[in-house]
1. If the chain between residue 129 and residue 151 were fully stretched, how many nm would it gain, using 0.36 nm times the residue separation less the Cα-Cα distance?
2. If I model a spin label as a point 7 Å beyond the Cα along the Cα-Cβ vector, how far apart are those points for residue 226 and residue 105 in nm?
3. Obtain the nm distance between the two label points defined at residue 245 and residue 295 by a simple spin-label model: each point lies 7 Å from its Cα along the Cα-to-C-beta direction.
4. Does the chain come out rounded, prolate or oblate, given a ≥ b ≥ c as the square roots of the eigenvalues of its C-alpha gyration tensor, rounded meaning a/c under 1.5 and, failing that, prolate meaning a/b above b/c?
5. Once fully extended, how much extra length lies between residue 255 and residue 94, figured as 0.36 nm per residue of separation less the alpha-carbon to alpha-carbon distance?
6. Highest GNM mean-square fluctuation, the chain, Cα pairs closer than 10 Å: which of 79, 151, 166?
7. With springs only between Cα atoms under 10 Å apart, run a GNM on the chain and tell me which of 31, 104, 180 wobbles the most.
8. Consider a paramagnetic label point 7 Å from the Cα of residue 303 along Cα→Cβ; state which residues of the range 211-237 have an amide N under 14 Å from it.
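Values in this text are rule-based calculations from the coordinates and carry no lab data. Since this is a predicted model, take the numbers as computed values, not measurements. For neighbour counting, all protein chains shown are included, and Cβ atoms are generated from backbone atoms with ideal geometry for every residue, glycine included.
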Ligand SMILES: [Zn+2]
């Protein structure tokens, strides 16, 4: 080859190259163009380099400089085009600025959990700690240890779910009282939240599984005055300034026993459908721990006394939010639940 031929071959590569590079519309096309122009083993630049060796010696220096200049120009263009094509690929489809935003959804804590959290928080300030027990419980812990007489109707198959002769699904959280008393020495101040089970029909005011919160205090010199003062303070914290009243009641595991009512939050005591015109709403059951329960758990009932209470968070949530049907609490209906988002 002669120098003139080499010059015209380099010039035509210099003319064609930029157009081909600009026309590459994808990364695949870009690779093809690069191989055709400056590929190492084949391609027009590589042909030019091969031709360089056939030139007369005195022309090779000039020809080499020319080939290098073309190579650098093409490679710079190839790099720039590659950057453009890569950026285009990352961007994906064009953004439609007029499209409406997707609605965000705010989750919420379940109203029953809200009640449990709040009750726990109030009693924690009063020095109570949390205690838990099994939901599949020995009949002795569920009934016998708690002073249920052998013929008590609660032990009937009609009311209790038996897993076998010995195990029941606990019907209340009170077995945790006995387990705690067996395990720890007084002074004891515990709160035991958990699920309990009854053979109830699933109707507007009953559920076969529901949560309960149990409280227990045992120490020297504990009296009914401690029970009244603590539970009244709790009621005023939980419901805001309110009035409480205690009505005599009966539970096998407490003596004396009392139910605590608070002033109806809807009518403030004047009477309405929520409180069945009484002006009061029942909140919890309570009483002084029966000496037999203390003795059954190995606590000296001459030295120690105590009080306990049990509260239903679902009932509390229902009266607090005037929910007409208990089953709504277990439906997991998002439209209901999202009202409690805060
Ligand atoms: Zn009322």
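1. Values: separation 22, 0.36 × 22 = 7.92 nm, distance 3.42 nm.
Value of the extension gain: 4.5 nm.
2. Going by the 7 Å Cα→Cβ label model, 4.8 nm.
3. 3.6 nm
4. Values: a/c = 4.67, a/b = 3.57, b/c = 1.31.
Cα axes put the chain in the prolate bin.
5. 50.4 nm
6. Top of the fluctuation ranking is 79.
7. Of 31, 104, 180, the Gaussian network model singles out 31 as fluctuating most.
8. 219-221
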